[in-house]
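Please treat every number below as a calculation from the coordinates, not as lab data. This structure is a prediction, so every number in the text was calculated from the model and none was measured. Positions of Cβ are backbone-derived with ideal geometry, glycine not excepted, and every protein chain shown enters the neighbour counts.
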Amino acid sequence: MILARDGIGVVIIPKCASESMKGVLKEEPYSRVVAFIRDPIERCISGYRFFRNKPSDPRYAPSWERWVEMVLSQDDGHWTPQARLVGDARLFPFELLSDVWRSLGWSELQVMNKSIYADVGDCAVLRDYYVDDFKLRARCGY
């Protein structure tokens, strides 16, 4: 999904400030596109932190191991590797979101859905699954 403002499209990637962006961007024409690439392991940990206390949500997982299984088995778009979503957008690391956002002349994004700390286990299988996301981040200098 791409939402826009002032002729600039932004690729909306789940767990990359997507809810905050949806609050200020809309469907409108754009001439260039940007995307913010988050560390894929941090992205998954953020999702786990957010959903671990929501047993009524279908994305709930009682443990990190179960969460990783769910991420790897679902192709619902929410955990799709970012590399499949960004197309030919100009890429920025997620860590520079606020700086880039301000450089576009846009006011600061409101923080939404901030998760709290959670211990997690092994991430090796996620590193393999998100290998192309790590390559994108390397292109951004991260």
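Restricting to DSSP H runs of at least four residues, report the calculated mean residue ellipticity at 222 nm for the chain, -39500 (n - 2.57) per run over all residues, nearest 500 deg cm²/dmol. Working shown, then result.
Details: 6 runs with 49 residues, N = 142.
The helix contribution divided over the chain gives -9500 deg cm²/dmol.
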Can you list residues whose amide H is under 5 Å from residue 38's amide H, if they're 5+ apart or on another chain and H is modeled 1.01 Å from N? 94
Between residue 73 and residue 106, what length in nm is gained on full extension when 0.36 nm per residue of separation is reduced by their alpha carbon distance? 8.2 nm
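Among the DSSP beta bridges whose two residues both lie in the chain, what percent are antiparallel, rounded to the nearest 5? Let's see the in-between values first.
Values: 5 of 12 bridges.
The antiparallel fraction comes to roughly 40 percent.
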Approximate spin-label separation residue 42-residue 88, in nm, with each point projected 7 Å along Cα-to-Cβ: 2.9 nm
For the chain, how many pairs of lysine residues have a Cα-Cα distance under 25 Å, where the two are 8 or more positions apart or belong to different chains? 8
Solution diffusion estimate, µm²/s, Stokes-Einstein, the range 2-139, Kirkwood Rh from C-alpha pairs, 10 °C, viscosity 1.306 mPa s: 101 µm²/s
Which whole-Hz ³J(HN,Hα) couplings does the range 10-16 yield from phi under the Karplus relation 6.51 cos²θ - 1.76 cosθ + 1.60, θ = phi - 60°, glycine and proline marked x? 10, 5, 8, 10, x, 6, 10
Percentage relative contact order, the chain, counting C-alpha pairs under 8 Å, at least six apart: 30 percent
Roughly how many nanometres apart are two label points built 7 Å out from the Cα toward the Cβ at residue 22 and residue 125? 2.8 nm
For residue 3, residues with placed amide H under 5 Å, excluding near neighbours: 10, 12
Neighbour count of at most 13 Cβ within 10 Å plus DSSP loop: longest GluC sites (Glu not before Pro)-free window in the chain: 28-107
Helix 40-51: angle to the longest alpha-carbon principal axis of the chain, degrees 0 to 90, nearest 10? 70 degrees
Which part of the range 21-44 falls in the paramagnetic zone of residue 98, meaning amide N under 16 Å from the point 7 Å along Cα-to-beta-carbon? 21
